[in-house]
Amino acid sequence: MDAIGEYYKLNNGVLIPRLGLGVYQSAEGQETETAVAYALEIGYRLIDTASVYGNEKDVGRAVKSSRIPREDLFVTTKVWNSDQGYDTTLAAFHTSLAKLAIDYIDLYLIHWPATETRLETWRALEELYRQGLCRSIGVSNFQVEHLEELLKNYEVVPAVNQVEFSPFLYQKRLLDYCSSKAIKLEAYSPLTQGKKLSNRVIIRLANKYGRTPAQILIRWALQHELVVIPKSVHRRRIKENFEVSDFEIAAGDMARLDKLDSGFRACWDPTGLP
Ligand code: NDP
């Protein structure tokens, strides 16, 4: 992809593509299957789904028909809140595996730090990891306090924490904490679900670099060494979002983007959750 490479190495040595396709709100059926198939055709190798998105089967179909060797693909899925707990997570994992029609998951995440059940859920993820059914395990929407609790009680350090992250929600404390524990941050809603694409600083920088606003946001996240998973169901945008390796945002402009932080969230807010 570019000088810093296409992959990051996770804390257990597994390689994760730096850029992937998200499929939240990609409709079940043809819409998801077509989007994933096209993404794989043009070079994406990471697909981010979740049981609650209702489209694991469609992701599985696109993966299968791509004929890309399984070891070259990176499939992420997540356990939903209603399945959290030890036995229920194990069962939910096998349901996801069957829907995706693959033998193992590359990254299995706790979707949300559910107060009562998250520790038992993590125990189940550790078991799945030990059994070799997931190449890596991680969490999503975890704040520093949730991570500290996990690290205190369990052996396996999450490989990834997937959280909302954009210049408008530059979570520096969380990023620094995760870096210090070798937990890779993965940016969801990196395009602010489209809500900030016409911000005037973003437009100015897009014009300066001859890029689109979406490309500026994706490149910003990559230069902060995050995994980034923009979602689109449109071919032109799926391609556009992948073409971010041949330019670099200068340090001064990165700082300008960092300053856009206003705590803006396009998605849900896990802060303050006990
Ligand atoms: P994104 O920030 O990726 O934005 C997606 C929206 O932007 C869609 O409306 C899409 O429309 C539009 N879009 C995509 N590309 C472009 C472009 N180049 N120009 C203009 N508009 C564009 O939002 P998501 O919330 O989907 O986040 C990405 C992924 O992160 C999700 O799909 C999911 O996999 C993951 N996620 C995880 C969460 C969690 O709790 N763990 C929560 C939320 C997301 P269109 O499709 O019509 O092109």
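The values are calculated or read from the model by the stated rules, or taken from the named source; none is laboratory data. Just so you know, these numbers come straight off a predicted model, no measurement behind them. When we count neighbours, we look across all protein chains shown, and the Cβ atoms used for this are built from the backbone with ideal geometry, even at glycine. For the accessible areas, the whole protein counts, side chains as well, though only heavy atoms, and no ligand, DNA or RNA atoms are used. Shrake-Rupley method; radii C 1.70, N 1.55, O 1.52, S 1.80 Å.
Worth a mention:
- What a 1.4 Å probe finds exposed on region 1-152 is 48% carbon and sulfur by accessible area, rounded to a whole percent.
- For G85, neighbours were defined as the other residues whose beta-carbon sits under 12 Å from its Cβ, and their charges (Lys and Arg +1, Asp and Glu -1) total -2.
- Result for the chain in a Gaussian network model with C-alpha springs under 10 Å: among E71, E41, E186, the largest mean-square fluctuation is at E71.
- Fully extending the segment from E41 to E148, taken as 0.36 nm per residue of separation minus the present Cα-Cα distance, adds 34.5 nm.
- Derived scalar couplings ³J(HN,Hα) [region 13-26; Karplus, 6.51 cos²θ - 1.76 cosθ + 1.60; whole Hz; x for Gly, Pro]: x, 6, 8, 10, x, 6, 10, x, 9, x, 10, 5, 6, 7
- Accessible surface computed residue by residue for the chain, with neighbouring protein chains in place and a 1.4 Å probe, gives 43 Å² per residue.
- Cut-off 10 Å between beta-carbons: net charge of the residues surrounding Q162, Lys and Arg +1, Asp and Glu -1: -1
- Beta bridge orientation in region 122-245: antiparallel %, DSSP, nearest 5: 10
- With both residues required to sit in region 1-92, DSSP beta bridges show an antiparallel share near 35%.
- Remark: spin-label model distance K259-F247 equals 2.1 nm, labels positioned 7 Å along the Cα→Cβ axis.
- Heavy-atom accessible area ranking, 1.4 Å probe, most first, across D246, D261: D246, D261
- Shape class of the chain from the Cα gyration tensor (axes a ≥ b ≥ c, square roots of the eigenvalues): oblate, since a/c reaches 1.5 or more and a/b does not exceed b/c.
- Cα-based shape type of region 72-184, given that a ≥ b ≥ c are square roots of the gyration tensor eigenvalues and the cut on a/c is 1.5: prolate
- Summed over qualifying helices (DSSP H, 4 residues or more, each -39500 (n - 2.57)) and divided by its residue number, the chain shows a 222 nm mean residue ellipticity of -12000 deg cm²/dmol.
- Cα-based shape type of region 1-90, given that a ≥ b ≥ c are square roots of the gyration tensor eigenvalues and the cut on a/c is 1.5: oblate
- For I229, residues with placed amide H under 5 Å, excluding near neighbours: G20, A187
- Along region 243-260 the Karplus relation, 6.51 cos²θ - 1.76 cosθ + 1.60 evaluated at θ = phi - 60°, assigns HN-Hα couplings of 8, 10, 9, 10, 8, 9, 7, 5, 3, x, 6, 4, 5, 4, 5, 4, 6, 6 Hz to successive residues, with x for each Gly and Pro.
- The region of the chain that goes longest without hitting one of the trypsin sites (Lys or Arg not before Pro) in a DSSP loop, each with at most 12 other Cβ atoms within 10 Å, is 68-258.
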